[in-house]
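A.B. asks: First the structure, then my questions, so here it is.
Please treat every number below as a calculation from the coordinates, not as lab data. As the structure is a computational prediction, the values presented were derived from the model and not from experiment.
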Amino acid sequence: MSSAISKRCLEAFQTDDLYTIIGITAEEKDDLTDAKLKKAYHKKSKEWHPDRHADKHPEERVVATGKFQVIADAYRILGNPRMKAIYDTEGLLDDDNFVDTNDEVNNDQKETPEEDNSGDEAANEMAPMGSYQSEEENDEGIEYSTYEDSIDGYDSDVILPENEEFISDEEMDYSSNESDVDSPDYEIRPLLNGKTKLITFYFNDRSKCYHYYLNGDNRYYCSKCHSEKHTCCAVLLKNANGEQYIQMKNDHVCEPIDYYDDEIVTTTNFEIYQKQTGKELFIFADDDRSHFYQYYHVKQKKCYVCDQCTKNGKNTQAILNPKTGELEAEAFHQCEPQSYIPKIDASQYLIDKSNRGKPQLVVFADRFKKNCFKFHWHKKYGYYICNKKPCSIIAKLLKSSNGEKFVQMYKEHKCHPVPYE
């Protein structure tokens, strides 16, 4: 039976060979690098981007949109080592093999990584709570301090989340593709943190728009394009008459989002937690706290940013008012609130070492502690991941404002617990 992805490929390109769809030859396939894949993707996505077919017949626009979405799927799968390995072995048999972990996990996980065993020599750089490297090392292994030693007194913010690292000038493909946009076809809006963002409208449809956020180089970057590893940016300029306009560089490869008016609300229905790499904010969407929006703190922006909205192309911000204790937040989200998983207190988990001597989180599945879920630490991402690959649920060690230490998960397990030994 063909998967839904396979059917879309066949409808759009009459083949479900992802390499052919994205423009990778048989010779390139044997020595495929990230750079070659990115170049092929940009070329194909520009060819079939809906913006380039906006003046075509409606049926032709539908075809272009279908091809564009299939190309994006091909790039997403071939650009993910786990998905690519499954595709190369099994093809497109099962859609569940190609679920993007960003959508499935609903947090800062970018892919489903394998256990990180690479970093004994750099363990202090990003060690888990409860597994910081002590001063004593030997050839037999690494001694770790206690969880209390690692989290107590830790007071640092996220420097910049992975999806906020902009592509360098050397990597940008300007392709001499510039266009000017005059007012009122764009808006400059103030943000809660005192900076500004740029909004451009989708052709003549003012119900759709693109969002850009100001970087340190005084360019505005489309965040949704950046999440697809493409750089589309704009520069604010003035003409000879002193009138402002923006100069666009590169076409979009992303779809526009719905236009909205900004509204700021205040709330006390939130919690701020300390984590190993900074702070995490939960804003609850209802009084019973069954659903919430997850935010991370960004030091450079001096605010909290909604994790899922960022992935959907919107920088939804929140700022704590230290005088009132209230939170000021943008009301409109480009995402849905996620179900809240109750926190796991200290009596129901422990941190030890796996048989390979690596940090391991054990979460008990019953009060008698006979069965459990086991998680391995991944240094690159700064959290624990369920050992069962079909599950790959993540867990973080957090600390509340009253000093309570607990484990937080963001999805229910898809796997079954194992006997605790």
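A.B. asks: Spelling out what I want: for every residue of region 6-19, take phi, set θ = phi - 60°, compute 6.51 cos²θ - 1.76 cosθ + 1.60 (Karplus), and round to whole Hz; glycine and proline get x.
C.D. replies: For region 6-19, the Karplus-derived couplings read 4, 5, 5, 4, 5, 5, 7, 10, 6, 7, 10, 7, 5, 5 Hz, x marking Gly and Pro.
A.B. asks: Across region 233-246, in residue order, what do the Karplus-derived ³J(HN,Hα) couplings come to in whole Hz, using 6.51 cos²θ - 1.76 cosθ + 1.60 with θ = phi - 60° and x for Gly and Pro?
C.D. replies: Each residue's phi maps through the Karplus curve to give 9, 9, 10, 8, 10, 10, 8, 5, 8, x, 8, 7, 8, 10 Hz.
A.B. asks: Under the rule of at least 5 residues apart or a separate chain, name every residue whose amide H is placed under 5 Å from the amide H of TYR410.
C.D. replies: Here the answer is ILE394, since their amide H atoms fall under 5 Å of that of TYR410.
A.B. asks: May I ask you to derive the relative contact order of region 4-98, considering only C-alpha pairs under 8 Å and at least 6 residues apart, and to give it as an integer percent? Don't skip to the answer; put the middle values down first.
C.D. replies: On the way: 78 pairs, mean separation 32.2, N = 95.
Here the relative contact order equals 34 percent.
A.B. asks: Through the Karplus equation 6.51 cos²θ - 1.76 cosθ + 1.60, θ set to phi - 60°, convert the phi angles of region 364-380 into ³J(HN,Hα) values in whole Hz; use x for Gly and Pro.
C.D. replies: 6, 9, 8, 6, 8, 6, 8, 10, 7, 10, 10, 10, 9, 7, 10, 5, 4
A.B. asks: Per the Debye formula with a single identical scatterer at each Cα and no solvent contribution, what log10 I(q)/I(0) holds for region 250-337 at q = 0.16, 0.24 Å⁻¹?
C.D. replies: Here the Debye-derived log intensity ratios amount to -0.66, -1.33.
A.B. asks: A further question follows. Name the residues whose placed amide hydrogens come within less than 5 Å of the amide hydrogen of TYR383, ignoring near sequence neighbours (fewer than 5 apart) on the same chain.
C.D. replies: HIS378
A.B. asks: Turning to a different aspect of this structure: State, in angstrom, two size descriptors of region 374-416 derived from its alpha carbons: Rg to one decimal place and Dmax to the nearest whole number.
C.D. replies: Rg and Dmax of region 374-416, Cα atoms, are 11.4, 36 Å.
A.B. asks: Right, another one. How many percent of Cα pairs in region 4-98 exceed 19 Å?
C.D. replies: Details: 1748 of 4465 pairs.
Pairs farther apart than 19 Å: 39 percent.
A.B. asks: Then there's this: List the lysines whose Cα sits under 19 Å from the Cα of LYS301, skipping any in the same chain fewer than 8 residues away.
C.D. replies: Reachable lysines: LYS195, LYS197, LYS224, LYS275, LYS279, LYS311, LYS314.
A.B. asks: Still on this structure, I have one more. List the lysines whose Cα sits under 21 Å from the Cα of LYS389, skipping any in the same chain fewer than 8 residues away.
C.D. replies: LYS84, LYS110, LYS353, LYS358, LYS374, LYS379, LYS380, LYS411, LYS414
A.B. asks: Next up: Under 5 Å between amide hydrogens, which residues at least 5 positions from HIS49 or on another chain qualify, with H placed 1.01 Å from N in the peptide plane?
C.D. replies: Amide H to amide H, under 5 Å and 5 or more residues apart or across chains, HIS49 pairs with nothing.
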